[in-house]
Amino acid sequence: MGARSRGRGALWHIRDLRVILPARVLSYTGDTLTLFALTLRVHDEGGGASGMALLLAAFALPMALTVGIAGHVADRSDSRRILVCASLVQAAALAGLVLTGTGPQMYVFVIALQLGQSFANPTWAALLPRAVGEHNLGRATAVQQGALAVTGVIGAAVAGVTAGHFGHDAPLWIALGAFVALAAAAAAVRTRRHGDPHGAPLTLAAQVWSAAGFRVLHADPVSWTLLSSMVPFVLALETANVLEVFLVRDSLDASTTVFGLVQAASAAGTVAGAAWASTMRTERSRVRLAIGGVAGAGASMLVAGAAPDEVVLALAFAGIGLFVMASTVCLWPVLLTRTVEADRGKVSAAANGASRLASMVALGLGALAGGYLGPRWSFAVAGLTAIVVAARSWHHLKVVMLVDAPDHAPTGR
């Protein structure tokens, strides 16, 4: 049964949210710990740049390549079965990683780990609105994103401390425990999506490119405009992110301690951004902040690129974290509430897949931009790109949408 009728003031009284939120934190923590530990392993065992590239590709490719089938399964199958099976696959993959070195089998286990993540993510995303109710989705998303933002920082710190004291495999053991606990949490969630077993068959196009998910998004002008702004924004943002360390260490000649403080400022900004987004109560306000956040992040990237010292840079990075998180937190409730319940899994998978593909392309663009433009000009170009994207999207939305009606009809299949 769902939680559609729950009131706005009952967020923390929703039993399944108290299970889902820690479960998502466990999932992201496990991923953070694993990437950290394997990065150290590849480096220390002489994997070199090629080994690091293979590792990052193994983390990124499964979600990008299974976007169609993962969304289809999320909307056609029992959510509890998907989540428990995916968590157990991830736990098994971690067990394999603990027992292997940097040979080919390591990359196979990473791919298995990320395949589990690929199927779990759209299922969790589609389950949240049913668990908390439509009216609570915005606040629940904000709380979740804020917790996940903190998780990234805490996960990296825990991985560093445990690896330094107990060896590189220590974070992997912790991640293994996290995914075992995740399986138990998935089984404990009472809210379930049973799927539509009589839906349209899964075609090859749907498997590869999530044609159904993108078709649902394209049918709604607001959702499609937001997605169309998200992809180039992610491309610009991730291109700049590749060059963060070079901006701090080379352009400003700052210490590793300063780099850590700049990262901490960015993390603090993300927490504030999630809190800000949680105050948005209407679709109109969320759309405005989703687009305004893109513009604000672009302006902050411009400031970062021109920063004369570490203080200005830290403030700029705090602004980037603030606006990126506010935009992200507002984006997802709009996409999900404008989609009928039966299609939310494939829509989530399509949007996640598009974002992941943009991030992968940005890895190469970041390397090229760093070589040809340098960190400062790369941040400037990324910032200008984000501002142009926001301006174009806002102009388009003023023409195509009427978002102040809370009872708009969600897009159907």
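The values are calculated or read from the model by the stated rules, or taken from the named source; none is laboratory data. Remember, predicted model here, so these are calculated numbers, not experimental data. All Cβ positions, even for glycine, are placed from backbone atoms using ideal geometry, and neighbour counts span all protein chains on display. Protein only, heavy atoms only, side chains kept; ligands, DNA and RNA dropped before computing areas. Shrake-Rupley method; radii C 1.70, N 1.55, O 1.52, S 1.80 Å.
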| Lone unmet requirement of (1) over 25 Å from residue 68 (Cβ atoms); (2) without any contact (Cβ under 8 Å) to a residue 12 or more places away in the chain for residue 364 | (1)
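Test residue 92 against the criterion of being closer than 28 Å to residue 343 by Cα and in a helix (DSSP H, G or I), and give yes or no.
Spelling it out, it is not the case that residue 92 is closer than 28 Å to residue 343 by Cα and in a helix (DSSP H, G or I).
Consider the range 113-131. How many of its residues are modelled with pLDDT of 85 or more and either more than 13 Å from residue 63 (Cβ to Cβ) or polar (S, T, N, Q) (or both)?
Matching residues across the range 113-131 total 10.
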| If only one of 311, 258, 324 is part of a helix (DSSP H, G or I), of a type outside the set (Lys, Arg) and crowded, with 20+ Cβ neighbours inside 10 Å, which one is it? | 324
| Does any residue of the range 101-109 turn out to be part of a helix (DSSP H, G or I), more than 28 Å from residue 270 (Cα to Cα) and touching a residue at least 40 places away in the same chain (Cβ under 8 Å)? | yes
| said: For the range 372-383, check the following and say yes or no: at least one residue is part of a helix (DSSP H, G or I), in contact (Cβ under 8 Å) with a residue 60 or more places away in the chain, open to solvent by 10 Å² or more (accessible area, probe 1.4 Å) and more than 23 Å from residue 295 (Cα to Cα). | reply: no
| task | Scan the range 216-248 for residues that are open to solvent by 50 Å² or more (accessible area, probe 1.4 Å), over 18 Å from the mean Cα position of the chain (by Cα) and in contact (Cβ under 8 Å) with a residue 60 or more places away in the chain and jot them down. | result | 219, 221, 246
| query | For the range 152-177, what are the residues that are under 25 Å from residue 271 (Cα atoms) and either open to solvent by less than 10 Å² (accessible area, probe 1.4 Å) or not in a helix (DSSP H, G or I) (or both)? | reply | 155, 159, 171, 175
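If I filter the range 335-342 for residues that are assigned to a loop (DSSP other than H, G, I, E, B), within 23 Å of residue 371 (Cα to Cα) and not basic (Lys, Arg), do I get at least one hit?
No, the range 335-342 contains no residue that is assigned to a loop (DSSP other than H, G, I, E, B), within 23 Å of residue 371 (Cα to Cα) and not basic (Lys, Arg).
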| message | Taking the conditions exactly as written (open to solvent by 30 Å² or more (accessible area, probe 1.4 Å) and of a type in the set (Lys, Arg)), does residue 76 satisfy them or not? | response | yes
| remark: Checked the range 122-139 for anything surrounded by fewer than 23 Cβ atoms within 10 Å (Cβ to Cβ) and in a helix (DSSP H, G or I); matches are 130, 134, 135, 137, 139
| task | Give 83, 54 a once-over and let me know the one that is open to solvent by 20 Å² or more (accessible area, probe 1.4 Å) and either at pLDDT 80 or above or among the aliphatic types (A, V, I, L, M) (or both). | result | 54
| request: Collect the residues in the range 279-302 that are in contact (Cβ under 8 Å) with a residue 60 or more places away in the chain, β-branched (Val, Ile, Thr) and surrounded by fewer than 22 Cβ atoms within 10 Å (Cβ to Cβ), keeping them in residue-number order. | output: 282
| Residues of the range 99-121 being open to solvent by 50 Å² or more (accessible area, probe 1.4 Å), among the aliphatic types (A, V, I, L, M) and touching a Gly at 6+ places or on another chain (Cβ under 9 Å), which ones? | 108
